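*Asks:* Let me begin by handing over the structure; questions about it come next.
The values are calculated or read from the model by the stated rules, or taken from the named source; none is laboratory data. All values reported here derive from a predicted model rather than from experimental measurement. Neighbour counts run over all protein chains shown; Cβ positions are idealised from the backbone, glycine included. Just the protein is used for accessible areas: all its heavy atoms, side chains included, with ligands, DNA and RNA removed. Shrake-Rupley method; radii C 1.70, N 1.55, O 1.52, S 1.80 Å.
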Amino acid sequence: MSTGFLTGGTVPTVWLQEHLKLGHPTSWEPVITLTYVSFFFLPYLVAGVLWLRSRSAFHQWALRFVTMSFPGRCVLRPGAGAPPWAAAACRPIDVHDSPTNPGCMYFSARYAGSDGLLGALHPVNPGAHPWVEKLSGNAGGRCT
């Protein structure tokens, strides 16, 4: 299933960064970081608590968790499963033979520019970088 089909041709990450990214660190970036990091521990914490309290509640929750995770991982995989900031850093030539771990994922999207898989970024706020970047983890300040 294509992102264009779901969103009318707009890549959600690009639209959000064009409209919400500012040229300076903001007070809400720690909230973004906490939300991003919570994915890596919160489901397992909930699973552990439910396992200890009620096995039937755990089984119901686990079924819902797997059911909700499947479309996000297997059907709606934007950028061939790469995170948006990594997909923006890669050009079609970098991933033409479908490598599982292309080296371009470890570089900033600023080097790919408008040739990246997510295309050009046209920020509306002055001072914002014209490339898709990972905003979580910038709570202490953004590197330029």
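*Asks:* Heavy atoms only, probe 1.4 angstrom, no DNA, RNA or ligands counted: give me 21, 134 ranked by accessible area, highest first.
*Replies:* Sorted by accessible area, descending: 134, 21.
*Asks:* What nm value, rounded to one decimal, do you get for the distance between residue 56 and residue 41 when each label is placed 7 Å out toward the C-beta?
*Replies:* The two pseudo-label positions are separated by 3.2 nm.
*Asks:* Can you tell me how much longer the chain between residue 24 and residue 115 gets when fully stretched, taken as 0.36 nm per residue apart minus their C-alpha distance, in nm with one decimal?
*Replies:* Extra length available between residue 24 and residue 115 comes to 30.2 nm.
*Asks:* Continuing with the same structure: If each residue of separation counts as 0.36 nm, what is the full-extension length gain between residue 97 and residue 16 once their alpha-carbon separation is subtracted?
*Replies:* Length gained, residue 97 through residue 16: 26.2 nm.
*Asks:* Excluding ligands and nucleic acids, what accessible area in Å² is computed for residue 98 using a 1.4 Å probe, to the nearest 10?
*Replies:* Residue 98 exposes around 90 Å² with every protein chain in place.
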